[in-house]
Amino acid sequence: MIRLKTKIISNEKVSQDVRKMAIYAPEISVEIKPGQFIHVKCGDNSRPLLRRPFSVHCYSGDAVEILYKLKGEGTKILAQKKPNEAIDIMGPLGNGFEIKPSGAILVAGGIGVAPLVALIDEMNKKSKTTVLIGAKNSEEILCSEHFKNKGAEVIIATEDGSLGKKGLITASLENLAKQLPNETEIYACGPNAMLKEVSDIAAKNNLNAQVSLEEHMACGIGVCLGCAVKTKSGYKMVCKDGPVFNSQELDW
């Protein structure tokens, strides 16, 4: 784990409440694996006091990118930052996805799409990949063109029916899972309710699923015990033991 006081390369508006920030971090970029995260000090003083965790969205060369949604004080401060402004980050942190050589299904819920972009960038391009993206409405569907450009089949579902199929993306996964060979690996990130459903579908169809959990964190290194999650072998820390877990390991 490296702590850097570095600079922002860019901070772009993606949609009404989503931004993409590129940070100069060559020491971290060379170490990152898909699914890991960085811990960001959002303000320049004690407000907000705690850092915020962000999945690594992309990384290449000297840059690490995060995709973030404006939800609270920390992200609203980040959204105001300009290129060349200073920023304090720690990373890479946590355990990422284990990339398997078999076919892959990627399942994203809303801003949970963020780490799956880094994942598909690292995947074997010869493996068949299908990406399922779900959100409340069309504006919240992110990164679909990136996945298509990587040669993936993309299936979209929105709760209001404004883009793709109407309903939850887990309904599309349930239909698809019945046709998949058992060696297919599922990788998912999104709200916990979605991830539990993904886990249930995977178990019912004898498939393995890796899920990236979203939890509030304080220290980011497993000391404060603030991001404990119940597993079948006791409590574990999302920041240190995750954020990626085998779905069957979790006590939903």
(message) Can you tell me which condition I156 does not meet? The list is (1) more than 19 Å from the chain's Cα centre (by Cα); (2) over 30 Å from M90 (Cβ atoms), and all the others hold.
(response) (1)
(request) Residues being closer than 17 Å to Q16 by Cα, among the aliphatic types (A, V, I, L, M) and free of Cβ contacts under 8 Å to residues at least 40 places away in the same chain: count how many of those fall in the stretch 107-141. (result) 2
(request) Find the residue count for the stretch 140-163, including only residues that are touching a helix residue (DSSP H, G or I) at 6+ places or on another chain (Cβ under 8 Å) and either of a type outside the set (D, E) or closer than 12 Å to V107 by Cβ (or both). (result) 13
(request) Select, from V211, V229, V154, V238, the only residue that is in contact (Cβ under 8 Å) with a residue 40 or more places away in the chain and aliphatic (A, V, I, L, M). (result) V238
(request) For the stretch 57-85, name all the residues that are aliphatic (A, V, I, L, M) and out of contact with any strand residue (DSSP E or B) (no Cβ under 6 Å at 6 or more places or on another chain). (result) L70, I77, L78
(request) Please note which helices (runs of 4 or more DSSP H) are completely contained in the stretch 97-193 and include at least 1 residues that are surrounded by fewer than 21 Cβ atoms within 10 Å (Cβ to Cβ), not charged (D, E, K, R) and not assigned by TED's automatic domain parsing to the domain that holds G61. (result) 144-149, 169-177
(request) Confirm whether K82 is in a loop (DSSP other than H, G, I, E, B), farther than 20 Å from L173 by Cα and either under 20 Å from the mean Cα position of the chain (by Cα) or not assigned by TED's automatic domain parsing to the domain that holds I201 (or both). (result) yes
(message) Being in contact with a helix residue (DSSP H, G or I) (Cβ under 6 Å, 6 or more places away or on another chain), outside any loop (DSSP other than H, G, I, E, B) and outside the structural domain of E214 (by TED's automatic domain parsing) is the requirement here; does L67 meet it?
(response) yes
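The values are calculated or read from the model by the stated rules, or taken from the named source; none is laboratory data. Everything quoted here is computed from the prediction, not taken from an experiment. Don't worry about glycine lacking a Cβ; one is built from the backbone with ideal geometry, like all the others, and counts go over all protein chains shown.
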